[in-house]
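Worksheet: one structure, shown below.
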């Protein structure tokens, strides 16, 4: 059986055709554009799949499953997007509509959970209980425990970006205040940069200023590393995974950001001698949500 993985992000769509083993046969990406009109958006996705099938020498009849990763909440039956604010989707029956249009078996998944599943199936945490954190503009987290994506009773397990870290802190898009991603993700560092250096500053400004020896920028990054490291240690101590993986655009700042966070976790997480926690960078990069969506269990 050939599998399709679709990762619908806030700005682009990444689509791939995969074998059951996880081998990517063909892939392409393109701008999301206007995703509010399903009568246009769904055929656009289907056309891309047909192009990839032709490119890979695969008959469309061989496609047995399509997983779709979305930047938002997903219903219990995995057919409806509850809320994807960056795309303007609320209670959108995307999975049902795509199944009816294409005839594929379809399942939706939140994108950070898809990334974690990819790392479990074919990446840096293959076959291990893991926490996979995506550090980007925000903070996405996927949990794989006992060989399954852990959803929680409310379906929102893994929202580490919305753990409150500051009393009466910055307002967050989730409706609460003081959330971790408002201080330690790309947008949070951007807020800090604007406070320090003016409206034209962003997260890149902080890193550049810190590299120049600017004390305020260095202290801001140190605080973000401390907040992230402490939160990750809490998650590790609570869930006892074999592996903590860090991915996303912010993880590419290895020496000044990712490595200090990982070192903090290694130093402070509870562990039993002889059974060390693995803390490392994820392996599959920006293709992880697409791969994970394609490899979802079909039952």
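Values in this text are rule-based calculations from the coordinates and carry no lab data. None of these values were measured; they are calculated from a predicted model. So basically every Cβ, Gly included, is an ideal-geometry build from the backbone, and we count neighbours across all protein chains shown.
Counting only Cα atoms, segment 126-283 measures 47, 34, 26 Å along its principal axes, largest extent leading.
Based on the inverse mean of 1/r over its pairs of different Cα atoms, what is the Kirkwood hydrodynamic radius of segment 66-132, in Å? Walk me through the intermediate numbers first.
Numbers: mean 1/r = 0.0795 Å⁻¹.
Here the Kirkwood hydrodynamic radius works out to 12.6 Å.
From least to most packed, judged by other beta carbons within 10 angstrom and beginning with the fewest, 247, 218 follow the order 218, 247.
Helix 111-122 and the longest principal axis of the C-alpha atoms of the chain enclose an angle of approximately 80°.
Beta bridges assigned by DSSP with both partners in the chain are antiparallel in approximately 60 percent of cases.
Annotation for residue 278 and residue 62: the two label points, set 7 Å from Cα along the Cα-Cβ direction, are 3.1 nm apart. Quick one: helix 38-56 against the long Cα principal axis of the chain, what's the angle to the nearest 10°, folded into 0 to 90? Between the helix axis and the principal axis of the chain, the angle is about 80 degrees.
Could you list 38, 250 so that the one with the fewest beta carbons within 10 Å of its beta carbon is first and the one with the most is last? Please report the intermediate quantities before stating the final value.
Values: 38 15, 250 24.
Arranged by neighbour count, lowest to highest, 38, 250 become 38, 250.
Angle of helix 259-268 to the longest C-alpha principal axis of the chain, folded into 0 to 90 degrees and rounded to 10: 70°.
Only one of [x] 104, 23, 15; [y] 34, 22, 17; [z] 33, 26, 19 was calculated from the structure for semi-axes √(5λ) of the Cα gyration tensor in Å, and its label is [y]. The modelled label-to-label distance for the pair residue 222/residue 267, using points 7 Å beyond Cα in the direction of Cβ, is 1.2 nm. GNM on the chain, alpha-carbon springs under 10 angstrom: the most fluctuating residue among 139, 163, 131 is 163. Rounded to the nearest 0.05, what FRET efficiency do residue 32 and residue 105 have when you use their Cβ-Cβ distance and R0 = 35 Å? Taking R0 as 35 Å, the efficiency between residue 32 and residue 105 is 0.90.
Given Cα pairs under 8 Å that are at least 6 residues apart, what percent is the relative contact order of the chain?
Values: 624 pairs, mean separation 59.7, N = 299.
Averaging sequence separation for qualifying contacts and normalising by length gives 20 percent for the chain.
Which percent, to the nearest 5, of DSSP beta bridges fully inside segment 126-283 are antiparallel?
Details: 11 of 20 bridges.
If I count the DSSP bridges inside segment 126-283, around 55 percent turn out antiparallel.
Here the label points at residue 239 and residue 195, each 7 Å from Cα along the C-beta direction, are separated by 2.8 nm in the simple model.
In the chain, helical runs assigned H by DSSP with n ≥ 4 each contribute -39500 (n - 2.57); averaged across all residues and rounded to the nearest 500, the mean residue ellipticity at 222 nm is -11000 deg cm²/dmol. Both radii are taken from the alpha-carbon atoms of segment 201-270; with Rh as the Kirkwood radius, Rg/Rh is 1.02. Among 52, 296, a tally of other beta-carbon atoms within 10 Å of each Cβ gives an order, fewest to most, of 52, 296.
Comparing 215, 78, 44 in a Gaussian network model of the chain where C-alpha atoms under 10 Å apart are linked, the largest mean-square fluctuation is found at 215.
So how much slack lies between residue 176 and residue 259, counting 0.36 nm per residue of separation and subtracting their Cα-Cα distance, in nm? Intermediate results must be reported in sequence, preceding the final value.
Details: separation 83, 0.36 × 83 = 29.88 nm, distance 2.95 nm.
Full extension from residue 176 to residue 259 adds 26.9 nm.
Ranked from highest to lowest mean number of other Cβ atoms within 10 Å per residue, what is the order of the peptides 165-174, 277-286, 3-12? The partial results should precede the final answer.
Working: 165-174: 13.6, 277-286: 17.2, 3-12: 22.2.
Sorting 165-174, 277-286, 3-12 by mean packing, highest first, produces 3-12, 277-286, 165-174.
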